[in-house]
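Enquirer: Attaching a single structure in structure tokens format; questions to follow.
The numbers here are math on the coordinates, done by the rules we state, and not lab data. Fair warning: this is a prediction, and the values are worked out from it, not measured in the lab. FYI the Cβ positions are ideal-geometry reconstructions off the backbone, even for glycines, and counts take in every protein chain you see.
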Amino acid sequence: MTPAQFPPADLPEAAFAGRSNVGKSSLINALLGRRSVARTSRSPGKTREINFYSLDDRARFVDLPGFGYAKGGAALRGAWQKTIEAYMASRKNLKTMVLLVDGRRGLEDEELQLLEYARHVHVRVDLVLTKADKLNQKERHAATRAMETHGYAAGDYLFVSSLKGSGLRELWQRLDDRLFERAAD
Ligand code: GTP
Ligand code: MG
């Protein structure tokens, strides 16, 4: 999908990015309170296109293709990178990119490169650690410490679980602020 094929940039958008299987489509469904708006799957690479979901014609959620399922360090140079970067660089109505990170893996090369690219094109990023229901207390502490090594304090990101619904209220609050520009920072 090229920028010419995107819907008109007439509504504020929040885009969801992250490695394949991290739970982007599940999170969109959970936030929308619906089971099957965005297609989810056990097999990675389900969402290859960019999918746009309208929120009552007031805003849009954008499901970006997952990255990292291609083997090797060249993953970020795959087709998905072009797609995501073209979207990020061209989308004037993009209010925030929600970057989903697997709590057990933490920030890896692809996420760090995407964060760098977002800074480069002045796109705001909200970090979310997914599948929080799978983390025991020890793993949650480890994830928190790993985020600290990258300079992110506990308040800089949210733990969410689409399965249990935890963190969704806080994320909605943040997205609401971003989409409708009530955020001061
Ligand atoms: P791609 O479209 O391939 O990029 O994947 P995606 O990021 O959209 O992931 P998807 O939402 O399809 O979820 C992948 C798998 O993780 C599915 O089996 C989901 O059921 C599971 N999953 C998603 N969110 C959660 C969660 O909060 N907790 C648990 N335990 N599993 C989850
Ligand atoms: Mg998906």
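Enquirer: What FRET efficiency would be calculated for the residue pair S54, K134, taking the C-beta separation as r and a Förster radius of 30 Å, to the nearest 0.05? Present the calculation step by step, with values, prior to reporting the outcome.
Expert: On the way: r = 31 Å, r/R0 = 1.03.
So the FRET efficiency works out to roughly 0.45.
Enquirer: Next question, about the same structure. Give the residue from V123, L135, G151 lying farthest towards the positive end of the charge dipole for the stretch 111-164; charges sit on Cβ (+1 for Lys and Arg, -1 for Asp and Glu) and the dipole is referred to the Cα centre.
Expert: Of the listed residues, the answer is L135.
Enquirer: So the label point goes 7 Å from the Cα of E181 along Cα→C-beta, right? Which residues of the stretch 1-19 then have their backbone N under 12 Å from it?
Expert: Counting backbone N atoms under 12 Å from the label point, the list is 12.
Enquirer: Distance cut-off 29 Å, Cα to Cα: go down the list K92/K134; K82/K131; K95/K131; K95/K164; K82/K164 and report the pairs above it.
Expert: Details: K92/K134 36 Å; K82/K131 27 Å; K95/K131 24 Å; K95/K164 27 Å; K82/K164 33 Å.
Beyond 29 Å: K92/K134; K82/K164.
Enquirer: Modelled label-to-label distance, Q5 and Q173, 7 Å Cα→beta-carbon offset: nm?
Expert: Those two pseudo-labels are separated by 3.9 nm.
Enquirer: Would the stretch 126-185 count as rounded, prolate or oblate if I go by the C-alpha gyration tensor, calling it rounded below 1.5 in a/c and otherwise prolate when a/b exceeds b/c, oblate otherwise? Please list the in-between numbers first.
Expert: Numbers: a/c = 3.61, a/b = 1.40, b/c = 2.58.
It is oblate, given that a/c is not under 1.5 and a/b is not larger than b/c.
Enquirer: If each residue of separation counts as 0.36 nm, what is the full-extension length gain between E108 and L163 once their alpha-carbon separation is subtracted? Show your work: numbers first, answer last.
Expert: Values: separation 55, 0.36 × 55 = 19.80 nm, distance 2.38 nm.
Contour length minus Cα-Cα distance gives 17.4 nm.
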